[in-house]
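K.L.:
Here it is, the structure, as structure tokens.
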Amino acid sequence: MWPERITVCGGGNAAHVLIAMLENSAVSVYVPFADEAERLRAGCRRAGGVTARAGETVWRGEPQTISDDPAKVFPDANLVLLALPASAHGVTLAAATPYLRSGAWVVALPARGGFDWEAAALLPEGVVLAGLQTLPWACRIVPGKYGEAVEILGTKKVVDLASRPATVSTELAATLSQLFHISLQPVSSFLALTLANTGQIIHPGIMHGMFHNWDGKLPGEDQAPLFYAGVTPEIAAQLQAMSDEIQAVRTALIAARPDLDLTAVLPLDAWLRRSYGSDIADSASLRTCFTTNRAYASLRAPMKLNHDGKTLVPSFEARYLTEDVPFGLLVTRGIAELCNVSTPAIDRVIEWAQTALSREWLEHDRLRGRDLANSRIPQRFGIRELSELVS
Ligand code: NAD
């Protein structure tokens, strides 16, 4: 199928890139917040659409409709793109559900963990689901140019895509690669995609490494530290241990179902080399894959202004914890529990994150906390046995 009518959900950085790149398609945009929808409309009107720039390459696209009303943007859509944080997937799919027809494609960029379980529970029969393992672009709306311009700072060499049913993943990857001007690689299943989500390791792992000793005092800097370039040998060791535990989960799953294809679940260093290629100047170690990676060079840790209005303190509410733990690391932890694989390094990060965020997920090494209701662990969707997970 070539998508005739596309609905982009979201009005942030990723949505701006999509609006611009889909310049030759009929595009509607769903932004559920009326003020954000109005700002997006106003920006597009001023500039005649959204421009995305990646070096010398420029795209410009103008949506036909931008609305906070699902009835104006979802009917007749045969491709729905979720350019949203994972916490917004559920409410957005619930808004779209009454209008989506069998055969429509719903694609999450990125999917994060457990997207298929949540979406399948909400969407009508026959809707095809797909998810990308990561957002293909590092992108930021140009300051002061909301609704007008976005800068693409980096593009991943190749990004994995899973679909449900899995039989259409090759067709979906080919079509979406063309639409997004990137290389999408079909992988065997959403389970593989969920475990292969490296954001669940990288973001909470580095946050833990940088801030677990933070004692509430000022960091003594008026600028946030470099995030990826700030990976120390100790942080790299923690990331390696988390990656090793996910590999142990992969091994346990294959032992239970030898025909499962989990080749997409790469060790972290292998994933970095594959995704960033020559952007990494020195790929000799996991640490140098971060510290010499051009695509990561300028990105800083999420910090916010302290009460004094002058100095900076860590922002634990940033997505690196609020998205990547409940929609990433916890999902994998839930899978590990079904496989009886112990995950001390992952648990260390989850325990620190739940304290930092005042959430309850892990209790005495078990997934029992009350805040699991806002996560995508498999147990929430009735998957309580390994056999149910791999069936
Ligand atoms: P953004 O913050 O710029 O935009 C997010 C959009 O989601 C906004 O339009 C916001 O209104 C909407 N939203 C938030 N909560 C919502 C809710 N409850 N219901 C409906 N809509 C809601 O984010 P982004 O940079 O476009 O990122 C989108 C996704 O891509 C996120 O998962 C992010 O972690 C991931 N990502 C982004 C980048 C990047 O460089 N921008 C890189 C890697 C991954």
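The values are calculated or read from the model by the stated rules, or taken from the named source; none is laboratory data. Only a predicted model underlies this, so the values are computations on that prediction, with no experimental measurement involved. So basically every Cβ, Gly included, is an ideal-geometry build from the backbone, and we count neighbours across all protein chains shown.
K.L.:
Thr343: polar (S, T, N, Q) and surrounded by 20 or more Cβ atoms within 10 Å (Cβ to Cβ), yes or no?
P.N.:
yes
K.L.:
Among the residues that make up region 299-309, is at least one of them surrounded by 18 or more Cβ atoms within 10 Å (Cβ to Cβ), of a type in the set (D, E, K, R), under 22 Å from the mean Cα position of the chain (by Cα) and not in a loop (DSSP other than H, G, I, E, B)?
P.N.:
no
K.L.:
Filter region 280-298 for residues that are in contact with a helix residue (DSSP H, G or I) (Cβ under 7 Å, 6 or more places away or on another chain), surrounded by 14 or more Cβ atoms within 10 Å (Cβ to Cβ) and assigned to a helix (DSSP H, G or I) and give the result.
P.N.:
If the condition is that a residue be in contact with a helix residue (DSSP H, G or I) (Cβ under 7 Å, 6 or more places away or on another chain), surrounded by 14 or more Cβ atoms within 10 Å (Cβ to Cβ) and assigned to a helix (DSSP H, G or I), then Leu286, Arg287, Cys289, Phe290, Ala295, Tyr296 are the ones that fit.
K.L.:
Then there's this: Is it true that Thr167 is under 20 Å from Trp117 (Cβ atoms) and more than 16 Å from the chain's Cα centre (by Cα)?
P.N.:
yes
K.L.:
Just for region 167-190: of the residues that are of a type in the set (A, V, I, L, M) and within 13 Å of Trp105 (Cα to Cα), which one is surrounded by the fewest Cβ atoms within 10 Å (Cβ to Cβ)? Break it down stepwise before answering.
P.N.:
Going through region 167-190, the residues of a type in the set (A, V, I, L, M) turn out to be 168, 172-174, 176, 179, 182, 184, 187.
Subset that is within 13 Å of Trp105 (Cα to Cα): 168, 172-173, 176.
Numbers: Val168: 17, Leu172: 21, Ala173: 22, Leu176: 22.
Result: Val168.
K.L.:
Identify, by number, the condition in (1) under 22 Å from the mean Cα position of the chain (by Cα); (2) at pLDDT 95 or above; (3) outside any helix (DSSP H, G or I) that Leu329 doesn't meet.
P.N.:
(3)
K.L.:
I would also like to ask the following. Return yes when Ala86 is away from the ligand (no atom under 13 Å from the Cβ) and surrounded by 21 or more Cβ atoms within 10 Å (Cβ to Cβ) and no when it is not.
P.N.:
no
K.L.:
Condition first: more than 9 Å from the ligand (Cβ to nearest atom), of a type in the set (Ser, Thr, Tyr) and within 23 Å of the chain's Cα centre (by Cα). Now tell me which residues in region 89-112 satisfy that.
P.N.:
The answer is Thr97, and nothing else.
K.L.:
Of all residues in region 21-45, which are within 13 Å of the ligand (Cβ to nearest atom) and in contact (Cβ under 8 Å) with a residue 24 or more places away in the chain?
P.N.:
Within region 21-45, Val29, Tyr30, Val31, Pro32, Phe33, Ala34, Glu36, Ala37, Arg39, Leu40, Gly43 qualify.
K.L.:
Looking only at residues in region 46-83 that are within 29 Å of Asp371 (Cβ to Cβ) and of a type outside the set (A, V, I, L, M, F, W, C), which one is farthest from the ligand (Cβ to nearest atom)?
P.N.:
First, pick out the residues of region 46-83 that are within 29 Å of Asp371 (Cβ to Cβ): 68, 70, 80-83.
After this cut, where a residue has to be of a type outside the set (A, V, I, L, M, F, W, C) as well, the list is 68, 70.
Values: Asp68: 10, Pro70: 11 Å.
Among those residues, the one meeting the criterion is Pro70.
K.L.:
Can you tell me which residue within region 120-134, out of those that are under 15 Å from the mean Cα position of the chain (by Cα) and modelled with pLDDT of 95 or more, is nearest to the ligand (Cβ to nearest atom)?
P.N.:
Only one residue fits best here, namely Leu132.
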